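Heads up: the structure comes next, in structure tokens.
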Amino acid sequence: TFIAEHEQLQTIESQLAGSMSVGEVRTALQALGLSLKREAADEAVNPSDLICEKTITKKTKEVLSCLSSYEE
């Protein structure tokens with residue numbers, strides 16, 4: 001949720017070719033953060049593994065696919 005609250009995210013928006021607004025990216029990142037917190041309560045999880053997770057929305061998966069391994 002830190003990224004959703006503190007980053008400007010223009011690069012991600014341009015990489016998504018306008019298919020999502022910055023607000024939608026922020027919402028997707030916040031949803032991802034909540035999912036990570038739930039998963040972390042049960043076991044250690046790598047954010048990259050969540051791309052295959054069925055509970056993650058398509059838009060959240062699109063945002064994840066744009067992040068470099070450093071940003072994950």
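The values are calculated or read from the model by the stated rules, or taken from the named source; none is laboratory data. Just so we're clear, the structure is a prediction, and the values are computed from it rather than from any experiment.
Within the range 49-62, if we keep just the residues that are in a helix (DSSP H, G or I) and among the basic types (Lys, Arg), the residue that is modelled with the lowest pLDDT turns out to be Lys61. The criterion of at least 1 residues that are modelled with pLDDT of 80 or more is met by the following helices (runs of 4 or more DSSP H) wholly inside the range 1-48: 10-15, 22-42.
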